[in-house]
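Asker: Next up is a structure, given as structure tokens.
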Amino acid sequence: MIWLRTGKVLLPGVTTLARLVARVRDQALDRLHQALFGVLTPRQRAILELLLEVPEGARASDLERWRKRPSVASGKNLEKALVRAQEILGLGLSAITLPPEVPHRRLVDLARYGMGATATALRRHGPSRQLATLLATVLYLEGKSVDDCLDLLDLLMSTELIGKAETTVGKERARQHPKLARHSATLAAAVETLLEVTEYGEELSLEQVWELIDAIVPRRELKAAVAAVTEMVPPPTPMTTGRCGRCWPNGSARFQASSRP
């Protein structure tokens, strides 16, 4: 434009420039469609054309069916998603070597158009544009169908399997809580009696100590409480004294660091 002004060349009108830009753009798109059309074998072209047809007994074409992903996480929908991915990958179009002159951005644009256009609109295009659009759409759906399967599996695992397992564990803990509290109170009463005995300041025999504890908690109930608490509560971590005189759990990083030579 600057060169035209400097050379005092008569500038074209806006409509003329618009027509020139549109013509160049259409030529570039035609070259893109022809390049993609040229890598397809006759068999692959026939397969892509069938994607726009509605099979006998079906309500929608294969392309329309593949463009819809299952939305609700369930085992049945995951099975459908796996079948969908198998059908798309079974076409074998991912093995096609695309021309190096085809930019990835143009392929994405074609796939975006193919994901939204109706089968009727795609049939109106010429063979090169129609098949180029279908090729780009199927290549996009190959990765999209696998991603949908993984998303459904992740959602199904988190909501159905892990969620139900956590709910079951939570209910079991809630059921055991009153039992644990009752047995812990029994043990606390026995230990409290033992601590009081040690504060008497006089020597007592083991039998005398047990007599005092039995007066508060019968030995049979005490054994049952110990067995129940041992079953419901994990054992404490063994403690070891390091060089610094402080106790750390065995295997901890602090303990290992303090015990190095």
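Asker: Full-extension gain between ASP154 and ALA188, please, as 0.36 nm times their residue separation minus the C-alpha to C-alpha distance.
Answerer: Here the segment from ASP154 to ALA188 would lengthen by 7.7 nm.
Asker: Now for a different question. Please report, to one decimal in angstroms, the Kirkwood hydrodynamic radius of the stretch 13-160 built from all distinct Cα-Cα pairs.
Answerer: 16.9
Asker: Right, something else. State, as an integer percentage, the relative contact order of the stretch 13-160 based on alpha-carbon contacts under 8 Å between residues 6 or more apart.
Answerer: Relative contact order here is 35 percent.
A short reminder: the numbers here are calculations on the coordinates, not readings from a lab. Predicted, not measured: the structure shown is a model, and the values here were computed from it.
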